[in-house]
1. Give the residues of the stretch 130-156 that are free of Cβ contacts under 8 Å to residues at least 40 places away in the same chain and either closer than 27 Å to residue 96 by Cβ or not aromatic (Phe, Trp, Tyr) (or both), sorted by residue number.
2. Out of the residues in the stretch 17-28 that are within 13 Å of the chain's Cα centre (by Cα) and either surrounded by 15 or more Cβ atoms within 10 Å (Cβ to Cβ) or not basic (Lys, Arg) (or both), which is farthest from residue 77 (Cα to Cα)?
3. Can you tell me which residues in the stretch 115-140 are touching a helix residue (DSSP H, G or I) at 6+ places or on another chain (Cβ under 8 Å) and among the aliphatic types (A, V, I, L, M)?
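Each value in this text was obtained by applying a stated rule to the coordinates, not by laboratory testing. Here the structure is a predicted model, which is why all the values come from computation and not from measurement. Neighbour counts are summed over all protein chains in view; Cβ atoms, including those assigned to glycine, are modelled from backbone coordinates with ideal geometry.
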Amino acid sequence: MAQEIERKFLVKGDFKPFVTKQTRIIQGYLSSVPERTVRVRIKGDKGFLTIKGIGNESGASRYEWEKEISVEDAKALLQICEPGVIDKTRYIVPEKSGLKFEVDEFYGDNEGLTLAEIELPSEDHPFEKPDWLGEEVTGDVRYFNSMLMKNPFKKW
């Protein structure tokens with residue numbers, strides 16, 4: 001399994017002038033327990049099945065396994081997912097050192113929430129924080145997609 005190391009932030013400003021790519025994402029969860037989430041995702045014209053392990057103490061690092069599946073299989077699996085679907089557009093914004101921010105703008109019951117994540121090679125890897133980046137929420141379970149499905153932003 002691969003190790004995923006990422007930090008997550010609220011977005012407080014206009015990031016869209018810096019976007020290089022955007023993709024619509026629909027996802028649901030076959031299992032949303034923190035010890036192992038099993039996610040089904042349609043990202044653009046591709047389907048994916050992803051399993052994530054529980055995060056470490058900081059919430060920045062956890063195991064992740066992902067396989068591409070057909071869109072038809074992903075649509076079928078979405079039909080048996082737990083209640084609640086995440087609908088968002090993901091924007092790619094390059095970071096100056098060659099890394100990239102993935103900025104998610106949510107719709108539906110999570111409308112009004114915009115989060116940015118950056119995947120890092122190590123937890124202490126430095127990166128430049130742009131002006132539009134807000135408060136860090138890494139490790140705050142309220143902002144996990146698997147929790148936004150159960151307790152959407154509009155209910156906070």
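1. Listed by number, the residues that qualify are 142, 151.
2. Going through the stretch 17-28, the residues within 13 Å of the chain's Cα centre (by Cα) turn out to be 23-28.
This time we only want the ones that are either surrounded by 15 or more Cβ atoms within 10 Å (Cβ to Cβ) or not basic (Lys, Arg) (or both), so: 23, 25-28.
Numbers: 23: 20, 25: 15, 26: 12, 27: 10, 28: 9 Å.
Per the stated criteria, the residue is 23.
3. Residues satisfying the conditions are 115, 137.
Each row is one residue, and each column tells you yes or no for (1) in contact with an Asp or Glu (Cβ under 9 Å, 6 or more places away or on another chain); (2) touching a residue at least 60 places away in the same chain (Cβ under 8 Å); (3) more than 20 Å from residue 38 (Cα to Cα).
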{"position": "84", "(1), (2), (3)": "yes, yes, no"}
{"position": "94", "(1), (2), (3)": "no, yes, yes"}
{"position": "98", "(1), (2), (3)": "no, no, yes"}
{"position": "112", "(1), (2), (3)": "no, no, yes"}
{"position": "117", "(1), (2), (3)": "yes, yes, no"}
{"position": "123", "(1), (2), (3)": "no, yes, yes"}
